[in-house]
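Here's the structure we're looking at; comments come further down.
The values are calculated or read from the model by the stated rules, or taken from the named source; none is laboratory data. This one's a predicted model, so the numbers in the text were calculated from it and none came from an experiment. Glycine also receives a Cβ, built like all others from the backbone with ideal geometry; neighbour counts cover every protein chain displayed. Heads up: the accessible areas ignore ligands, DNA and RNA and are worked out on the full protein's heavy atoms, side chains in. Shrake-Rupley method; radii C 1.70, N 1.55, O 1.52, S 1.80 Å.
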Amino acid sequence: RVPVVLDWLPEGCVSLSMTRCKDVDVGAVLGSHLKFLRLDNCNISDDGLARLLSRCPKLASLQLPNNGALRVPVVQSMMPQLRSLDILCEDSSAPQDVGAIVAAFPRLEELALHLGGDCSALSRLQKSLRRLCVRLSDESTAEELATRVLPRLLSLQRLDVIVPRERDVAVAEHRFRGLAPSVVVRCCGDVQATASK
């Protein structure tokens, strides 16, 4: 890993993707035109995420996989155009605060995150959310998602569920069958193996 400092992007640059960079500093000018940003496994901090969000008001897609359990700053007007957010982490990081994410980005169409505890706030995305990828941390969250949340997500077209163990796959497939037109269930080990290739 190499420390990376971004303080300049070519005029009109709308997309940036970086993988396994250490201590990414978004710099003062990053983001004036960016619409698509992917920082995979870049050790981004909560403060770094807040700075990034404040400097990239036109982002439509923000992909931050494998950066730990990031806490999303709750500033609703910060990124009104954001439609896709991925903050899913391969390792066993703590679940993200769904309420804060939904409050900050109320028009999400695609969301990938580690889900645990109360997930009822996802229901507020009932008209916009088309794709949801969740890593489930416990049985009660899975039950709430299946019985109270997913039936309200009227626009949902695809559901990806990541369960802790291989033996949980069949149970999850049965539980989530029919709750979205397309449902894919995998275990964490399969996801990690695919990501390392």
* Asked: How about the stretch 121-138: which of its residues are open to solvent by 50 Å² or more (accessible area, probe 1.4 Å) and either over 21 Å from V163 (Cα atoms) or at pLDDT 90 or above (or both)?
  -> R124, Q126, K127, R130, R131
* Structure fact -> The lone condition S54 fails out of (1) polar (S, T, N, Q); (2) in a helix (DSSP H, G or I); (3) in contact with a Ser or Thr (Cβ under 9 Å, 6 or more places away or on another chain) is (3)
* How many residues are modelled with pLDDT under 70 and touching a Lys or Arg at 6+ places or on another chain (Cβ under 8 Å) when one looks only at the stretch 1-21? -> 4
